[in-house]
Amino acid sequence: MKRELPLTIAFIAGIAFIIAYFIPHPPFNRFENWFSDWFAIIAAFAIWLGALNLMKISFIKIIRKKSDWLHAILIIISFVIILFFGFYEGYRGLHADPPFSFRDPGTSFDWIYVNVYTPLSATMFALLAFFVASASYRAFRARNLEATLLLLAAFFVMLGRVPVGDIITGWLPMEYQMSQWASWIMNVLNTAGQRAIMIGIALGLVSTSLRIILGLERAYMGGD
């Protein structure tokens, strides 16, 4: 029963969405709204489950003094603080006149988000720039024909996105300047590659969805 029930739910939900997409008329067009409500409820429980699982893993790290256990303490403290202010401002907003949301500007929750979370996110993305630069250096080595083409395309695009490129090719007609070459690479070659990748992703998504609906793919239930 532990396996039959999830398989049955996945089959019914998948078939209902397929019917609602191809037959957008009553009562089939209501399936999507009904299941969307259920998905929202399940997602709400999944968020709490993920948060509690994070707390469990963090407590285990602290008790067993595993690596990064000091970071686990910081995770727990941050979670408790943001949870407290979220509930506090939510309760205060419900009983205020007029009511307000805990995410509205001026609340303690909003202050933490703007002055703590946003700067930390900006710092994280700034650090990622160095990893992107190092990965680009390794990827753009002209070791074969494909890598050489990638290197040339990246060179023209980057040069066409900075004023130096226009200065170097400024004496040429407008259609031959570096910025036009960069736009052509992005709009023609890059778009063609993106469309091919999206078509492949769509085919993989369809095949995987059919395997899940028909019960052939059971990895989402855990185990092998």
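The values are calculated or read from the model by the stated rules, or taken from the named source; none is laboratory data. Computed from a predicted model, the values in this text were never measured in an experiment. A quick note on method: Cβ atoms are made from the backbone with ideal geometry, for glycine too, and the neighbour counts reach across all protein chains shown.
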Q | Single residue of the stretch 74-89 satisfying the filter (under 23 Å from L54 (Cα atoms) and of a type outside the set (A, V, I, L, M)) that is surrounded by the most Cβ atoms within 10 Å (Cβ to Cβ) | A | F85
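Does F156 satisfy the condition of being in a helix (DSSP H, G or I), surrounded by 10 or more Cβ atoms within 10 Å (Cβ to Cβ), of a type in the set (F, W, Y) and modelled with pLDDT under 85? Let's see the steps before the verdict.
Values: in a helix (DSSP H, G or I): yes; surrounded by 10 or more Cβ atoms within 10 Å (Cβ to Cβ): yes; of a type in the set (F, W, Y): yes; modelled with pLDDT under 85: yes.
In short, yes.
Conditions tested, residue by residue: (1) over 30 Å from W48 (Cβ atoms); (2) in contact (Cβ under 8 Å) with a residue 24 or more places away in the chain.
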position	(1), (2)
T107	no, no
M124	no, no
L149	yes, no
V157	yes, yes
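Scan F59, F31 and give me the residue that is modelled with pLDDT of 85 or more and surrounded by 13 or more Cβ atoms within 10 Å (Cβ to Cβ).
On the way: F31 fails: modelled with pLDDT of 85 or more.
F59 is the lone residue from the list that is modelled with pLDDT of 85 or more and surrounded by 13 or more Cβ atoms within 10 Å (Cβ to Cβ).
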Q.
Quick test for you: out of A129, A147, A135, A182, pick the one residue that is within 24 Å of the chain's Cα centre (by Cα), over 30 Å from R3 (Cβ atoms) and surrounded by 10 or more Cβ atoms within 10 Å (Cβ to Cβ).
A. A135
Q: Could you please tell me which pairs satisfy a Cβ distance under 8 Å, a separation of 6+ or placement on different chains, a first residue in the stretch 1-16 that is farther than 15 Å from R211 by Cα, and a second residue that is acidic (D, E)?
A: A16/E32
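Looking at F11, F17, F87 in this structure, which one is in a helix (DSSP H, G or I) and either touching a strand residue (DSSP E or B) at 6+ places or on another chain (Cβ under 7 Å) or modelled with pLDDT under 85 (or both)?
Working: F11 fails: either touching a strand residue (DSSP E or B) at 6+ places or on another chain (Cβ under 7 Å) or modelled with pLDDT under 85 (or both); F87 fails: either touching a strand residue (DSSP E or B) at 6+ places or on another chain (Cβ under 7 Å) or modelled with pLDDT under 85 (or both).
Sole residue among the options that is in a helix (DSSP H, G or I) and either touching a strand residue (DSSP E or B) at 6+ places or on another chain (Cβ under 7 Å) or modelled with pLDDT under 85 (or both): F17.
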**Q.** Test set (1) of a type in the set (A, V, I, L, M); (2) modelled with pLDDT of 90 or more; (3) not in a helix (DSSP H, G or I) - A96 fails condition number
**A.** (2)
